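J.: Structure provided below as structure tokens; questions to follow.
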Amino acid sequence: MRIRRKPHAKQMVQEHPRVVKEPEQLRGKWHTLFGNDRPIHLELGTGKGQFLSRVCQDRPAVNWIGVERIEEVLLHALKKAEETPCANLRFLWMDVNRLDEIFAEGEVERIHLHFSDPWPKKRHARRRLTHHTFLHRYKKVLEPQGEILLKTDNSSLFDFSLEELETTGFTIVESTRDLYHSPYVRGNIPTEYEQKFTARGVPIHYLLAKPTGDFSSTR
Ligand SMILES: C[S@@+](CC[C@H](N)C(=O)[O-])C[C@H]1O[C@@H](n2cnc3c(N)ncnc32)[C@H](O)[C@@H]1O
């Protein structure tokens, strides 16, 4: 993603009402922010926010939170969010590696990973959002029956993710290498990257994983 640096982006993000300030203070009590007990779904690496600005309206019975670390990118998502009436949408300006400082055990129902950066070089594998160090964090904050939903155009990242999920104590419950020619496409909301890839005819890989019953892990 090409990023145009903006001198006031940090301040604009910090002051925006949809960005949660001191989110660590809400650990274990996120329902107080939303004023209800509805399930929390996260989009990690939310980018310019196309998915969230649509899904918050289509699925109002869920509290949606987007996590993005680049302020200039987050500003786009915030602008889109301003155009929605959604009271169930917030953003976190931070790195995903802080997730378990922000959410308590079992506080999240679903994690969406949409077109995460593939980091193709082996020496950068730890940066992939499905590296087992991230997956262990996700497993901590997910409900026992929680879910990870992943979409990507990148078959190497998909293969890597399947392997990491299985060895970190997740069970793959749905999977396809061509989402748009599969039954799982029903109700799918495309992200910005997804639209670009599908317009070029690139097949979208999709999976849904759940923590394995006994939380056993081979790592
Ligand atoms: C390729 S974009 C995909 C954007 C969007 N999900 C979509 O499908 O259109 C990946 C985004 O993830 C963000 N990102 C990558 N690693 C991250 C991390 N560790 N913490 C927070 N955001 C991250 C990047 O800044 C970028 O905006």
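The values are calculated or read from the model by the stated rules, or taken from the named source; none is laboratory data. Note that this is a predicted model, so its numbers are computed, not measured. Counting neighbours? That spans all protein chains shown, and the Cβs are built from the backbone with ideal geometry, glycine included. Remember, those area values only see protein heavy atoms, side chains included, never the ligands or the DNA or RNA. Shrake-Rupley method; radii C 1.70, N 1.55, O 1.52, S 1.80 Å.
J.: Would you point out the residue of the stretch 106-119, among those that are within 15 Å of the ligand (Cβ to nearest atom), out of contact with any Gly (no Cβ under 6 Å at 6 or more places or on another chain) and part of a loop (DSSP other than H, G, I, E, B), that is most open to solvent (accessible area, probe 1.4 Å)?
T.: Filtering first and then ranking leaves Asp117.
J.: Sticking with this structure for a sec: So Asn188 passes all but one of these: (1) in contact (Cβ under 8 Å) with a residue 24 or more places away in the chain; (2) within 16 Å of the ligand (Cβ to nearest atom); (3) polar (S, T, N, Q). Which condition number does it fail?
T.: Exception for Asn188: condition (1).
J.: Kindly establish whether Leu99 is part of a helix (DSSP H, G or I), open to solvent by less than 40 Å² (accessible area, probe 1.4 Å) and among the aliphatic types (A, V, I, L, M).
T.: So Leu99 passes the test.
J.: Write out, first by first residue and then by second, each pair whose Cβ atoms fall under 8 Å of each other, whose residues are 6+ apart or on separate chains, and whose first residue, in the stretch 123-137, is more than 16 Å from Val67 (Cα to Cα) while the second is charged (D, E, K, R) and surrounded by 14 or more Cβ atoms within 10 Å (Cβ to Cβ).
T.: Matching pairs, first to second residue: His131/Glu164; His132/Glu164.
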